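In what follows, a single structure is set out as structure tokens and then discussed.
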Amino acid sequence: MINNYINKYRLIFSSFLFFILICIIFVVDANASIEKCENYSQRGLHEPAINHCNTVLDNKKSSDVEANKALYYLGNSYFSLDKLDKALESFSSLIKNDKNYPEAYYLKGAVLLRQGNPKLAKENFENALLLNYTSKQLSRLYAKSLLQSNNKKEAILNLTELTLIEPKDIILLTELSKAYLSIENYSKASEKIDRVIFLNNNYANAYFIRSQIKSLQGDNKEALEDITRALRIENNNNRYLIKKTNILMQLNNYQMAEYNIKKVLHADPNNYSAKKIYENLLKIKAEMSIKQAREFVANKNYLEANEEYSNAIKLDTSNSYAYFERSQIYYALKKYELALNDINIAEELNKSFSDHSINFIKGKILFNIGNIEDSIKSFEKEIKYKPENVIGILWQIRALSKYKEYDRAKIYAEKLIKIDPNSARSYSILGDILLFMGELEESDKYHALALKLDPNYKIATKTFN
């Protein structure tokens, strides 16, 4: 009986000791995790820091102080790994727990600024300042948020005050130069960035900014010198390479511009700005080829013109004018099938070509291919857009006569007479059509009228004395 009681109390005592031991382990583990969370984050070991910080947050026995510290370092590690949404979530949770945590507002502002939300960043920086949190980096970022949220004058005042305290701080001076640049005060912007270069002539970003100033002042040659200096210091900086490309394009040095933008695309094939610039560069080169082709056309060098138009199309497959004009070269070279293919592509790319005699040209091509029916339709569209297009009407009469539709041809011949009642040709053509229709008297009448207007006019099908 006594042994049973002893065994019973032993069991209860053992269970109590086990519970106490578990609690101690939890506390020790929590303390170890918060220390590792903090130490690892400070040392830049962010992945293990995140794991330990989350362990503290998952532990229900963690105190509010420990939880807040874990959120702070968790946000810090996420921010360092550029996981901005996670970092923002951590700092927002920390502020929700403790509205008087100035470092949380500061770091939340830094995250928002990097995310491209300067207005909200500015609000958080101001909250940190209201809680008497000050640091050089906060001052810089606050000034940057002011500038990016369009509070330019306030940003300049803020940065000027800071540069008076730190006259050799090249980051502050650079931001001040950018602020003056944003309000188009180029002399002040130059003054500040020149000061930066004087203090540190190996600071690539200063040369980049000075190249921007020179470009805006219209001095692209000096701008090119500065951006080249920047690239000597940071030769693979894509932002600098894009800037150099733009300057080279302004200087019409398209070969070197292409070389530089291709370097960007090689390093970063998905760079949106670089892709757009390269696309624009190819369009410019295509226009240059078209211009050269037109000069060849003027001198009737159709083969050379064809090569230039083909090069333009290779550079810019969306250039409707290159197809439109090459179709006419193919027509001149009697390559009618190729001409038809080009004219169809041009029409597909540019619906407004209806106002550029595309139907007339297409009608001629179709006529020479032998597709008379479709050529008549094209000439009809052309005349609909330009009712007094005499050449278009003449080709329509020719096509209709070829198709033996003399009744319709007669209508168009009558239109010719209305357009130009003093033209011997108009009366002669109507006389010819009437002859083919078997109306000899009427035919003779119009042929006679043609000769009355021009006695020397040669009538192809005279049937009268």
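The values are calculated or read from the model by the stated rules, or taken from the named source; none is laboratory data. Computed from a predicted model, the values in this text were never measured in an experiment. Here the Cβ positions follow ideal geometry from the backbone for every residue, glycine too, while neighbour counts run over all protein chains shown.
Across region 305-335, the number of residues qualifying as in a helix (DSSP H, G or I) and either touching a residue at least 60 places away in the same chain (Cβ under 8 Å) or not aliphatic (A, V, I, L, M) (or both) comes to 17. The C-beta contact set for region 278-304 (first residue touching a residue at least 40 places away in the same chain (Cβ under 8 Å), second residue β-branched (Val, Ile, Thr), distance under 8 angstrom, 6+ apart or interchain) is empty. Working carefully through the options 63, 135, 90, find the one that is closer than 30 Å to residue 157 by Cβ and among the hydroxyl-bearing types (Ser, Thr, Tyr). The conditions single out 135. Count of region 405-459 residues, restricted to those that are not in a helix (DSSP H, G or I) and not hydrophobic (A, V, I, L, M, F, W, C), is 12. Has region 263-278 got any residue that is surrounded by fewer than 18 Cβ atoms within 10 Å (Cβ to Cβ), over 30 Å from residue 204 (Cα atoms) and not acidic (Asp, Glu)? Checked region 263-278: no residue is surrounded by fewer than 18 Cβ atoms within 10 Å (Cβ to Cβ), over 30 Å from residue 204 (Cα atoms) and not acidic (Asp, Glu).
Criterion first (under 43 Å from the mean Cα position of the chain (by Cα), at pLDDT below 95 and either assigned to a helix (DSSP H, G or I) or acidic (Asp, Glu) (or both)) does residue 355 satisfy it? Yes: the conditions hold for residue 355. Inside region 169-213, residues that are within 23 Å of residue 136 (Cβ to Cβ), within 31 Å of the chain's Cα centre (by Cα) and outside any helix (DSSP H, G or I) make up a count of 1.
For region 359-366, indicate whether the set of residues that are assigned to a helix (DSSP H, G or I), crowded, with 20+ Cβ neighbours inside 10 Å, among the polar types (S, T, N, Q) and at pLDDT below 95 is non-empty. Yes; the residues of region 359-366 include at least one that is assigned to a helix (DSSP H, G or I), crowded, with 20+ Cβ neighbours inside 10 Å, among the polar types (S, T, N, Q) and at pLDDT below 95. The lone criterion from (1) β-branched (Val, Ile, Thr); (2) within 35 Å of the chain's Cα centre (by Cα); (3) closer than 22 Å to residue 180 by Cα left unmet by residue 111 is number (3). Determine whether residue 242 is more than 30 Å from residue 314 (Cβ to Cβ) and either outside any loop (DSSP other than H, G, I, E, B) or of a type in the set (S, T, N, Q) (or both). In short, no.
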